[in-house]
1. How many residues does the range 213-239 contain that are free of Cβ contacts under 8 Å to residues at least 40 places away in the same chain and touching a strand residue (DSSP E or B) at 6+ places or on another chain (Cβ under 9 Å)?
2. Based on what the data block shows, is Thr18 on the phi < 0 side of the Ramachandran plot, part of a helix (DSSP H, G or I) and in contact with a Leu (Cβ under 7 Å, 6 or more places away or on another chain)?
3. Report, by residue number, each residue of the range 198-212 that is of a type outside the set (Gly, Ala, Ser), without any contact (Cβ under 8 Å) to a residue 60 or more places away in the chain and part of a strand (DSSP E or B).
4. Output the residue which, of all residues in the range 108-133 that are among the small types (Gly, Ala, Ser) and surrounded by fewer than 17 Cβ atoms within 10 Å (Cβ to Cβ), is farthest from Leu187 (Cα to Cα).
5. What is the number of the single condition among (1) under 28 Å from Arg110 (Cβ atoms); (2) more than 22 Å from the chain's Cα centre (by Cα); (3) modelled with pLDDT under 95 that Val236 does not meet?
6. If Arg99 satisfies all but one of (1) touching a Lys or Arg at 6+ places or on another chain (Cβ under 8 Å); (2) at negative phi; (3) outside any helix (DSSP H, G or I), what's the number of the condition it fails?
7. Scan the range 21-43 residue by residue and report those that are outside any loop (DSSP other than H, G, I, E, B), of a type outside the set (A, V, I, L, M, F, W, C) and at pLDDT 90 or above.
8. Pairs please, first residue from the range 170-195 and free of Cβ contacts under 8 Å to residues at least 40 places away in the same chain and over 14 Å from Leu135 (Cα atoms), second anywhere and of a type in the set (Lys, Arg) and outside any strand (DSSP E or B), Cβ atoms under 7 Å, 6+ apart in sequence or on different chains.
Amino acid sequence: MNTQPFTSGLSDDAVTITRVGDRQWHALDDDLVVGRGHAQHRSDGRLFVSIDAWHDAPFDRLAAAMLAQLPAPLYAVVDEADAELTARWRRAGFTVRRREWEYAVPTDPRTTGLDDVLPPPGVTIVPAGQADESLLRAVDRAIRDEVEASVGWQSMPAEVIPFPEGDTVVDPSKYAVAATRDRYLGLIRVVTVIRPRIGLLAVRTGERRRGIGRALLAHALGTLHRAGFAEAWTEVQETNRAASALFEGIGARPMNSNLELVR
């Protein structure tokens, strides 16, 4: 273990920072844990940090210890409504990189207006759990390569699924796809833990503006509605006007916003 004291001047209390494991730190006050820090690589290779501490002094000292031991750049995600936590990260040298809106998405086709939406001629929707895994992985890789070559995958909403290295399709059963006879043109991933989350909706560049994304969304939301879910949720980056227009056009409501910070 690596133990080091930090005295930020915010408190007279003696807070000791202890590295308790790989990318894990504790703030101790007389052997009482008063804060915890953690770092984790996301699927896109970026290193995200988080700190759970009630008071400024443990937070600041954890941040100082972690920043001294971790390679830059570092990223963090905060609820924009939590002004106190945002201020703590700013004090540690982090700045706002982007904003993501969290939407509540209705599933009832009478609300969304998607009940009559069909894919374009020659395209069919393959339900979740029925996709050919090799074709699914091929379209996933093609779309990621297209995004990376344009705006960059880091512009997409932060993915929190722990991907094995080199594998971006963790559970093929969660994907519905838009298919022609010999290849897939787009996909949608829906994961349900407590409530359904639309984690990815994407169409290959050359196949956009044909209604494929809208048809995938109509299929996924209709499936959730028949399963008894009134709402799903998703995140959209603030600058992605097309995605915002798509979801707001079917009655989705912005409920919250998250800030991605970088140092």
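The values are calculated or read from the model by the stated rules, or taken from the named source; none is laboratory data. These numbers were taken from a predicted model, which means no experiment stands behind them. With ideal geometry, Cβ positions are generated from the backbone for all residues, glycine too; neighbour counts draw on all protein chains shown. Please note that ligands, DNA and RNA were not included when accessible areas were found on the heavy atoms of the full protein model with its side chains. Shrake-Rupley method; radii C 1.70, N 1.55, O 1.52, S 1.80 Å.
1. 2
2. It is false that Thr18 is on the phi < 0 side of the Ramachandran plot, part of a helix (DSSP H, G or I) and in contact with a Leu (Cβ under 7 Å, 6 or more places away or on another chain).
3. Answer for the range 198-212, where residues must be of a type outside the set (Gly, Ala, Ser), without any contact (Cβ under 8 Å) to a residue 60 or more places away in the chain and part of a strand (DSSP E or B): Leu200, Leu201.
4. So the residue we want is Gly113.
5. Here Val236 clears every test but (2).
6. (1)
7. Hits for the range 21-43 are Gln24, His26, Gly35, Arg36, Gly37, His38, Gln40.
8. As it stands, the answer is Arg189/Lys174; Val191/Lys174, since those pairs meet every condition given.
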